[in-house]
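Chemist: Following this message is one structure expressed as structure tokens.
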Amino acid sequence: QEMCTEFEVTAVLRDEVYAETELVSIFCGEIVNKQSTSQLIRELSMRHPLPNLSHLKRVKRTEAQLFVILKECSGDLCVQEDQLHKLEQEVQRDPNLSLGLGRLSVARVPKTKPITRKQYEECLKYWPTHYHEDKRLERALKGSLFSGEELKCIQHHMTDVMDMLKANLHREGKASTVIVSSLMVDPLTDQVLARVCVEHERRNVLKHAVMMCIDKVAQCQRGGQQGMEHKQQQQLQQSRDNTGLIKEGTVTPSSTPDHRDSSLDIGASLPKRPKRDHQYLCTGYDLYTSKEPCVMCVDFFFPISLLSFVYYTCVACVTLT
């Protein structure tokens, strides 16, 4: 099977971005005395706050009428009718409300705050809604998030990932081999910081390419798995007494050989990590990988890293022809 050499960058966003508008029921009333609108809003805000509907504006204006949200309602239709009847009695007994309100009714409004411009326009069909446009998100939806130069860089690094994958596939020489390659890149300098290509589930099911790539970046800061083994060796040497015996309680490094660098090409040595404003692990870096990260890898790098972008192809299994 021939590998793709041209890539189209498509944003993979959270489900809420594509969700349809979900509606809930509220009690609203027609404002018959427009001069009392401000007073009504203050009174209703104190009596019936809307903590779950803070994204909605309290008043809806049509061509000839004004409507105000009184309170949230729950239950089925029969329960809502009973609640509406009790609310009408409450309004009639209170002059602060009855002088400004007319007919009460049940209306359907958006349940959640809109995230995209499309969701916002859909919400307006039901009730006025607060909305602050996320321009970066809108560009991602339109496919215009990256400039031409940025797309060239993405194309270059993803091609590098696929070239590593292809070279190691032919080196391994097995039609059923599943190999994943990954790169860690600093987009500010366009510098490759880590390069990993491994066969999944060969010797250690925990050493996926994504996790090993982040581990290599950690090694630049004297961390990572190899960094821990180096520290253990130093502690072991310091703990030896004059007789050459190991002091009690000293943790010795594992004697099990590390198969991280198997027969596959791991890549060149890492350059020094450039100084950045935030020295948190992988802050602002881009991760390129030939396969979508698994759930384990995502749970690994999200809590400990601040990656800017993760680029991957949709290749689930690459085989030799």
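Chemist: Take the conditions free of Cβ contacts under 8 Å to residues at least 12 places away in the same chain and open to solvent by 20 Å² or more (accessible area, probe 1.4 Å) and apply them to Lys135. Does it pass?
Modeler: yes
Chemist: Given the structure, is Leu77 farther than 30 Å from Asp160 by Cβ and crowded, with 17+ Cβ neighbours inside 10 Å?
Modeler: no
Chemist: Got a number for residues in region 45-81 being in contact with a Gly (Cβ under 9 Å, 6 or more places away or on another chain) and aliphatic (A, V, I, L, M)?
Modeler: Total satisfying the criteria: 3.
Chemist: How many of the residues in region 80-120 are touching a Ser or Thr at 6+ places or on another chain (Cβ under 6 Å), of a type in the set (Val, Ile, Thr) and not in a helix (DSSP H, G or I)?
Modeler: Total satisfying the criteria: 1.
Chemist: Would you please list the contacts, defined by Cβ atoms under 6 Å and residues six or more apart or on different chains, that run from a residue in region 84-108 that is closer than 15 Å to Leu44 by Cα to a residue that is open to solvent by 70 Å² or more (accessible area, probe 1.4 Å) and in a helix (DSSP H, G or I)?
Modeler: Ser98/Gln92
The values are calculated or read from the model by the stated rules, or taken from the named source; none is laboratory data. What you see is a predicted model, and the numbers here were worked out from it, not measured in a lab. Here Cβ is always computed from backbone atoms with ideal geometry, including for glycine, and neighbour counts include all displayed protein chains. The accessibility values were calculated without ligands, DNA or RNA, using every heavy atom of the protein model including side chains. Shrake-Rupley method; radii C 1.70, N 1.55, O 1.52, S 1.80 Å.
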